[in-house]
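Worksheet: one structure, shown below.
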2 protein chains.
Amino acid sequence: MEKLVVIGLGLIGGSLALDLKKRTGYKVYGIDKNKEHIKKALTLGIIDEESDFSQICDASVVIIAVPVHIIPEVTKRVLDTISSETLVFDVGSVKNEICKAVASHPNRKNYVAAHPLAGTEFSGPDAAILNLFDEKVNILCEVDKTDWKILDKALSVFKNLNMRIKMMSPEEHDRHIAYVSHLSHVSSFMLGKTVLGIEKNEQHIFDMASTGFASTVRLAKSSATTWAPIFLQNKKNILRSLDEYIKNLNEFKQMMEDDNDEALQETMNNTNYIKIVLKGIK
Amino acid sequence: MEKLVVIGLGLIGGSLALDLKKRTGYKVYGIDKNKEHIKKALTLGIIDEESDFSQICDASVVIIAVPVHIIPEVTKRVLDTISSETLVFDVGSVKNEICKAVASHPNRKNYVAAHPLAGTEFSGPDAAILNLFDEKVNILCEVDKTDWKILDKALSVFKNLNMRIKMMSPEEHDRHIAYVSHLSHVSSFMLGKTVLGIEKNEQHIFDMASTGFASTVRLAKSSATTWAPIFLQNKKNILRSLDEYIKNLNEFKQMMEDDNDEALQETMNNTNYIKIVLKGIK
């Protein structure tokens, strides 16, 4: 039985392990420095067996699903020890730093930079769910630097996950994802912070959450250990998006201060265009 | 058959009409200055018949579900013409201005200030749905100014809607709702504006929306004609919440600029408390 190793058994790593264990012929191994995660992953049937770095040389596939700030170090360590047929891919939410980190590695051709755009606000192996990646987009960067046989193996794994593939440069990926994903997380965290800071009566928050607050603040439940490294690694792009966001908030505030009903309505009407852009997405 | 009149057949008025037509013995009439809304409400079975202001004197219940800036004018007009047994309530998202507007009306005792906390991002009679109010909170203000028989009738209507009742002063309502509901709408609209402003490639927005953007930006699909008047009528409270929100965003930005991983993690960990506050809400 061919060996597939998942390093990092959180929401994404755990969900990948679950689906690939069910949908492919691989025997699925897990590595996680948190021994509680290993225990849970075994109990929940997410992995077949525990593994460690000394046992990955004969793996067919190694998936790196650790927080982004340690992805470069872990990926290089994995590339150092694998066989010439091993596919290695990471699933980090920032792509430029890892692509630069492995650019001159002798085994660069065994690596695929991937970002499966899927997830929930929960974390850890308990958060792993089946079918998380179905019909979702998987962004691949710099595939021209990957050996074609390795890339072929990666595409077949992604096909098993039922994902749609998009190609982008790492710079382009990081710029777009800052606006469409990372900024949403910052705005949601700060919304949660603002409401928690002012509302001393938690029952009021609970009672009023059905007004739209619950869905807007959902991402503020996300894991700090996952997201702080993402924010710092994609700092330049996120800071630019935050400047733009704060500028828009200040302009909106000014329209309110001026009682400018017309400008408020025009701004909101224009923004309603998001309905058309996201048509079909619930 | 007793007469129930709904003025304003949008999302909220339409959904109230639908449920009350199904769940009570009232004959349900609709008034809307938009004749297309009347036509649709009749076709969709939301109301039994069209009505107008000259025919509400013998109504048992009149519900006012128009945009908040015209609620005071419409409510006073209704109170001018009703019988002594008519219950009149509005469902506006801001309560202080309407409560002040009717305070000295001779028929003040026939009026109940209500805010059912329910809705979706859609609008118009097409958006009306059954069971929208089940298990949701309905905030009532200044019920001591309502005749007890009228209040009793109101409570029986809200019981039919299967709502949980909370009492608050109008000032308290407007302050809390600014933070928990109105601020969510502003933050979502501005998120949508920021992303639409920068992302020229709409396919990228669509492809990346599963990263959390779709739910965080959901409220930016809301109706400008509903929300501009709400923002202006609750201006003082919303501006305060916006100041707080922008201050928090700037502080977060500073932490990122300083590469202050520890402060970022602490802020996010503290905000994760929202998980506990909203436990059980999807």
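Is there a simple number for the mean count of other chain Cβ atoms within 10 Å of the Cβ of residues in A:257-268, and what is it?
That average works out to 4.
For a bin width of 10 Å, list the pair-distance distribution of region B:1-48 built from all Cα-Cα distances, rounded to whole %.
31, 60, 9
Restricting attention to the alpha-carbon atoms of chain A, what are Rg (one decimal) and Dmax (integer), both in Å?
Here Rg and the maximum Cα pair distance are 21.0, 69 Å.
With each run of n ≥ 4 DSSP H residues scored as -39500 (n - 2.57), what mean residue ellipticity at 222 nm is computed for chain A after dividing by its residue count and rounding to the nearest 500 deg cm²/dmol?
Helix contribution divided over all residues of chain A: -14500 deg cm²/dmol.
Which value in Å is the Kirkwood Rh of region A:31-128 over different Cα pairs?
After inverting the pairwise mean of 1/r, the radius is 14.4 Å.
Restricting to region B:2-154, compute how many DSSP beta bridges are antiparallel as a %, nearest 5.
Of those bridges, close to 20 percent are antiparallel.
Using Cα atoms only, what is the angle between the long axis of helix B:261-271 and the major principal axis of chain B, expressed in degrees (0 to 90) to the nearest 10?
Tilt of helix B:261-271: around 20 degrees.
What does a probe at B:N162 reach in region B:110-147, counting residues whose amide N is under 20 Å from the point 7 Å along Cα→Cβ?
From region B:110-147, the list is B:115-121, B:127-139.
Just the ratio, please: alpha-carbon radius of gyration of region A:54-204 over 2.2 N^0.38 Å, N its number of residues.
Against the compact-globule rule of thumb, the ratio is 1.20.
For helix B:11-23, what angle does its Cα long axis make with the longest principal axis of chain B, in degrees from 0 to 90 and rounded to 10?
Here the helix axis deviates by roughly 50 degrees.
According to the Kirkwood expression over distinct Cα-Cα pairs, how big is the hydrodynamic radius of region A:123-201, in Å?
With all distinct Cα pairs of region A:123-201 included, I get 15.7 Å.
For region B:173-277, go through all pairs of different Cα atoms, get the mean of 1/r, take its inverse, and jot down that Kirkwood value in Å.
One decimal place: 15.7 Å for the Kirkwood radius.
Compute the relative contact order of region A:149-252 as a whole-number percentage, counting only Cα pairs closer than 8 Å that sit 6 or more residues apart in sequence.
Relative contact order, region A:149-252: 39 percent.
Please work out the Cα center distance from region B:190-208 to region B:68-129, rounded to the nearest Å.
Going from one Cα centre to the other spans 37 Å.
Can you tell me the convex hull volume per residue for the protein assembly as shown, based on C-alpha atoms, in Å³ to the nearest whole number?
Once divided by residue count, the hull of the protein assembly as shown is 149 Å³.
Please work out the ratio of the alpha-carbon Rg of region A:1-83 to 2.2 N^0.38 Å and round it to two decimals.
Region A:1-83 yields a ratio of 0.99.
Mean projection of the alpha-carbon convex hull of region B:162-212 over all orientations, in nm²?
Convex hull of Cα atoms, orientation-averaged projection: 5.8 nm².
What percent do you get for the relative contact order of chain B when only Cα pairs under 8 Å and 6+ apart count?
Averaging sequence separation for qualifying contacts and normalising by length gives 17 percent for chain B.
Give the angle, between 0 and 90 degrees and rounded to the nearest 10, that separates the Cα long axis of helix A:224-233 from the longest principal axis of the Cα atoms of chain A.
Long axis of A:224-233 versus the principal axis of chain A: about 90 degrees.
Distance check, please: which entries in A:K40/B:K275; B:K3/B:K136; A:K3/A:K235 exceed 27 angstrom between their Cα atoms?
From A:K40/B:K275; B:K3/B:K136; A:K3/A:K235, over 27 Å: A:K3/A:K235.
Every number here is computed from the coordinates shown, using simple stated rules; none is lab data. All values derive from a computational prediction rather than experimental measurement. We place every Cβ from the backbone using ideal geometry, glycine too, and count neighbours over all the protein chains shown.
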